[in-house]
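Trainee: Before I ask anything, here is the structure I am working with.
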Amino acid sequence: MDFQLSDDQRALRSGMRDLLGAVFDRDRMRAAVERGGGLDRSLWRELGAAGLFALRLPEEAGGVGLGLPEAVLLFEEAGRALLPGPLVATHLAAGVVKGAAEGEAVVTVAEGGGRPVADLEGADAVLVAGEGLRGLVAGGVLAGEGLRDFVAGARAVRSVDPLTPLHRVEGFRRAEGPAGGAEAHQAEGLARTSEAYPGALRREGALLTAAEQLGSAARTTDMAVQHAGTRQQFGSLIGSFQAVKHLCADMLARTEPARAALYAAALTGDPVEIAAAKLLADEAAVRNARDCLQIHGGMGFTWEADVHLHLKRAWLRAARWLTAAEAEELLAAGLTPVRPLYGGSAAHG
């Protein structure tokens with residue numbers, strides 16, 4: 001199997017990086033941090049016009065007609081740029097929730113299991129991707145009156161990431177009677193889109209979130225190497241010190257295996273490979289940000305530096321769609337029992 005990117009894929013990735021450099025550069029990112037996050041509708045529409053959300057829709061439906069491997073490349077760039085907002089949920093809802101493909105609608109996700117909902121305020125719809133939410137069934141879409149009831153039962157909670165506001169939903173009660181026509185139609189369409197919702201949707205969500213983590217891991221590696229090549233201590237570049245060299249090498253050694261696992265999982269769509277990719281990408285994003293902060297020294301701990309933003313976003317993403325514990329359970333369940341060499345029976349864990 002060839003994991004080398006094609007010329008078209010390289011051009012797609014390069015185009016996305018150029019776009020984000022124009023519409024969400026560092027000045028715009030820091031401005032968003034200072035105002036405490038929140039959805040930027042104009043940015044969302046620009047992303048929609050660029051095809052980020054409609055990337056995997058068929059051309060006859062107004063999409064680009066590409067697949068998961070291409071989506072992974074774009075979300076990797078989004079993670080690299082620290083692009084905020086429910087990008088993954090809106091992408092997964094394209095073609096199902098009206099306006100999502102074009103960036104006119106913002107769609108977030110409720111995962112259940114006691115996890116807070118990100119970017120709820122200002123969202124136009126909520127995907128229900130997990131159990132444990134009273135009155136809701138995994139596989140539905142909340143919009144209109146149902147969404148207003150959902151938001152009314154939510155309370156803001158403190159978020160470690162200044163660009164990602166969080167809400168915890170308590171006491172939600174869905175209105176009596178059958179779901180309205182629009183919501184029912186959306187839920188049915190979503191199930192068709194993801195084949196075996198919520199399982200397939202959760203896997204795709206985990207894969208695209210892993211891509212964002214990979215982008216962040218690669219970015220913090222670049223930041224660390226750049227700083228080590230310019231910062232001087234004791235009359236020498238800190239990049240000449242063995243301890244700093246080892247930290248940078250370790251960052252690369254985490255990033256590239258995560259990249260290989262992610263690209264392979266995007267091609268196969270195998271649940272176990274997706275779990276491995278998410279586990280490796282989460283570790284790379286978190287540990288690389290920590291090492292990058294260490295290389296930056298005291299200035300890395302300051303509010304003005306960007307390193308802490310990558311670390312905080314990595315922590316948050318690691319708890320989304322597929323946690324480390326859940327990924328490890330999937331990997332363990334996928335192990336084939338080993339046949340003993342000399343008789344007896346293999347132990348099954």
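The values are calculated or read from the model by the stated rules, or taken from the named source; none is laboratory data. Computed from a predicted structure; not experimentally measured. Counting neighbours? That spans all protein chains shown, and the Cβs are built from the backbone with ideal geometry, glycine included. All accessible areas refer to the heavy atoms of the entire protein, side chains included, with ligands and DNA or RNA removed. Shrake-Rupley method; radii C 1.70, N 1.55, O 1.52, S 1.80 Å.
Trainee: For the range 16-35: of the residues being over 20 Å from the mean Cα position of the chain (by Cα) and of a type outside the set (D, E, K, R), which is least open to solvent (accessible area, probe 1.4 Å)?
Mentor: ALA31
Trainee: In this structure, does ALA71 turn out to be open to solvent by less than 10 Å² (accessible area, probe 1.4 Å) and under 21 Å from ALA100 (Cβ atoms)?
Mentor: Working: open to solvent by less than 10 Å² (accessible area, probe 1.4 Å): yes; under 21 Å from ALA100 (Cβ atoms): yes.
The answer is yes for ALA71.
Trainee: I'd like to verify a number: residues in the range 200-229 that are closer than 18 Å to MET16 by Cα and not acidic (Asp, Glu), how many?
Mentor: 11
Trainee: Condition first: touching a residue at least 24 places away in the same chain (Cβ under 8 Å), crowded, with 24+ Cβ neighbours inside 10 Å and farther than 29 Å from GLU304 by Cα. Can you find one or more residues in the range 76-89 that meet it?
Mentor: yes
Trainee: On to the next question. Would you point out the residue of the range 79-128, among those that are of a type in the set (D, E, K, R) and part of a loop (DSSP other than H, G, I, E, B), that is farthest from ALA156 (Cα to Cα)?
Mentor: GLU102
Trainee: Take the residues of the range 36-56 that are basic (Lys, Arg) and within 18 Å of GLY122 (Cβ to Cβ): which is surrounded by the most Cβ atoms within 10 Å (Cβ to Cβ)? Write out each step before concluding.
Mentor: Pass one, the range 36-56, residues basic (Lys, Arg): 41, 45, 56.
If we keep only those that are within 18 Å of GLY122 (Cβ to Cβ) too, we end up with 41, 45.
Details: ARG41: 12, ARG45: 14.
So the residue we want is ARG45.
Trainee: Further question on the same structure: Out of the range 127-144, which residues are surrounded by fewer than 17 Cβ atoms within 10 Å (Cβ to Cβ) and modelled with pLDDT of 85 or more? Working first, answer last.
Mentor: Step one: list which residues in the range 127-144 are surrounded by fewer than 17 Cβ atoms within 10 Å (Cβ to Cβ), which gives 131-132, 134-135, 137, 144.
GLY144, the sole residue that qualifies.
Trainee: Right, next: Take the range 232-246 and flag every residue that is touching a residue at least 40 places away in the same chain (Cβ under 8 Å) and surrounded by fewer than 21 Cβ atoms within 10 Å (Cβ to Cβ).
Mentor: Keep residues of the range 232-246 that are touching a residue at least 40 places away in the same chain (Cβ under 8 Å), which gives 238, 244.
Scanning the range 232-246 gives a single hit, ILE238.
Trainee: Sort out which residues of the range 57-78 are closer than 28 Å to ARG219 by Cα and in a loop (DSSP other than H, G, I, E, B), and write them in order of number. I'd like the intermediate steps shown before the answer.
Mentor: Keep residues of the range 57-78 that are closer than 28 Å to ARG219 by Cα, which gives 64, 66-78.
Once the filter is applied, which keeps residues that are closer than 28 Å to ARG219 by Cα and in a loop (DSSP other than H, G, I, E, B), the range 57-78 yields VAL64, LEU66, GLY67.
Trainee: Output the residues belonging to the range 90-99 that are in contact with a Leu (Cβ under 9 Å, 6 or more places away or on another chain) and surrounded by fewer than 24 Cβ atoms within 10 Å (Cβ to Cβ).
Mentor: Taking the range 90-99 first, the residues in contact with a Leu (Cβ under 9 Å, 6 or more places away or on another chain) are 90-97.
Those that are in contact with a Leu (Cβ under 9 Å, 6 or more places away or on another chain) and surrounded by fewer than 24 Cβ atoms within 10 Å (Cβ to Cβ): GLY95, VAL96.
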